[in-house]
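The values are calculated or read from the model by the stated rules, or taken from the named source; none is laboratory data. No experiment lies behind these values; they were computed from the predicted model shown. Here Cβ is always computed from backbone atoms with ideal geometry, including for glycine, and neighbour counts include all displayed protein chains.
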Ligand code: F3S
């Protein structure tokens, strides 16, 4: 692989052992993939920072890097295994809390933004064509599909290495020729909300993994595209779609590629595969997979007001980025009276939710519906927040 003089210097260890290790990793993987050279990135996003996922080996690896390593570019990290700065509404062992805090502290020492979110695009909006090294599969699909930025689905250590040297290998979706649609998918029943968009994404990931779909699905909202991308990246290896009227790289339906269609039966099949409980059985509603920006709380309150609901008989949990801002933290008391809990900087999938004793929950996230039964043995109903407010409003 061709390396610049500066890259050679880093590889020789002239910028310290952490950057040397990072450069070695990127060069070794890049060479194995046949990449010609490295490219500069403008934003690294690291996944795999939950203590329940990476355990002591991961903690020690990150602390080791943090003893001398500093990020070279704007860098963010994924949700942690427990809420940041707020008590969790489910049991988290003390050891887990302490070790998770050490992981976050080490990342901050390296210069990471205080992020703890899977929507890094909400903290720094990617520009079309710019190169990123992101490790969260839903965020990767959103960056490529919605923003036209360029990133592969990086593993946690690779994204961390990229953060330390500000580069990644020129390969995969960084290359123009790999970003052209390989199949056209016409969606016969246009998705009406986030749940349906997620079901559509689930089928795209399941049926067209390995392809780059051109999607003709009407005018999807931004949140629908995010829900679809998250589900497609969970059920398959989808890292990018081109969505008609939405993606910056949309040049109209491509010629000379295979054609497929997804209809109501496909969405029904997706629901049957991921839904394992009914709304009646749900002990709470979870939303925020991917995370919601904080202002979603206002939407929830508006929704309750619109339905004349002052308090919910069963709780709503909302996952939002990082540490809750001061305005949101001051709202916590009022939200608690309405039976709403904010979960800043965490993700139920990589949490210790399995210790909660919960049997069934409702969610608007198909990605959560896919993972929560597998990870925590919790059954899941798919519903919109509005359906839940109507069913459990008091
Ligand atoms: Fe985010 Fe966790 Fe869902 S990282 S996309 S909340 S599975």
Q: Those residues that are assigned to a loop (DSSP other than H, G, I, E, B) and crowded, with 24+ Cβ neighbours inside 10 Å, I need them from the range 130-148; list them, please.
A: 132, 135, 136
**Q.** Residue check for residue 173: touching a residue at least 60 places away in the same chain (Cβ under 8 Å) and over 24 Å from residue 6 (Cα atoms)
**A.** yes
(Q) Going by what's in this entry, would residue 125 be described as modelled with pLDDT of 95 or more, closer than 18 Å to residue 58 by Cβ and surrounded by fewer than 24 Cβ atoms within 10 Å (Cβ to Cβ)? (A) no
Q: Tell me the helices (runs of 4 or more DSSP H) entirely within the range 290-394 that contain at least 3 residues that are more than 16 Å from the ligand (Cβ to nearest atom), surrounded by fewer than 23 Cβ atoms within 10 Å (Cβ to Cβ) and without any contact (Cβ under 8 Å) to a residue 60 or more places away in the chain.
A: 296-306, 326-337
Q: Please specify each residue of the range 114-132 satisfying the condition of being touching a strand residue (DSSP E or B) at 6+ places or on another chain (Cβ under 8 Å) and within 16 Å of the ligand (Cβ to nearest atom).
A: 115, 116, 117, 120, 123
Q. Out of all the residues in the range 133-155, is one or more in contact (Cβ under 8 Å) with a residue 24 or more places away in the chain, within 13 Å of residue 73 (Cβ to Cβ) and more than 16 Å from the ligand (Cβ to nearest atom)?
A. yes
Q: With the checklist (1) touching a strand residue (DSSP E or B) at 6+ places or on another chain (Cβ under 6 Å); (2) surrounded by fewer than 24 Cβ atoms within 10 Å (Cβ to Cβ) in hand, flag the one item residue 178 doesn't pass.
A: (1)
(Q) When you scan the range 92-112, do you find a residue that is within 15 Å of the chain's Cα centre (by Cα) and away from the ligand (no atom under 16 Å from the Cβ), even just one? (A) no
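Quick grid of which residues meet (1) in contact with a strand residue (DSSP E or B) (Cβ under 6 Å, 6 or more places away or on another chain); (2) in a helix (DSSP H, G or I):
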{"residue": "10", "(1), (2)": "no, yes"}
{"residue": "13", "(1), (2)": "no, no"}
{"residue": "20", "(1), (2)": "no, yes"}
{"residue": "24", "(1), (2)": "no, yes"}
{"residue": "29", "(1), (2)": "no, yes"}
{"residue": "32", "(1), (2)": "no, yes"}
{"residue": "35", "(1), (2)": "yes, no"}
{"residue": "38", "(1), (2)": "yes, no"}
{"residue": "45", "(1), (2)": "yes, no"}
Q: Go through 255, 210 for me and flag whichever is loosely packed, with under 15 Cβ neighbours inside 10 Å, under 21 Å from the mean Cα position of the chain (by Cα) and part of a loop (DSSP other than H, G, I, E, B).
A: 210
Q: For residue 85, work out the one condition from (1) at negative phi; (2) at pLDDT below 95 it doesn't fulfil.
A: (1)
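Yes/no per residue for (1) assigned to a helix (DSSP H, G or I); (2) at negative phi; (3) in contact with a helix residue (DSSP H, G or I) (Cβ under 6 Å, 6 or more places away or on another chain):
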position	(1), (2), (3)
168	no, yes, yes
191	no, yes, yes
230	yes, yes, yes
250	no, yes, no
Q) Restricting attention to the range 105-129, which residues are in contact (Cβ under 8 Å) with a residue 60 or more places away in the chain and in a helix (DSSP H, G or I)? A) 107, 120, 122, 123
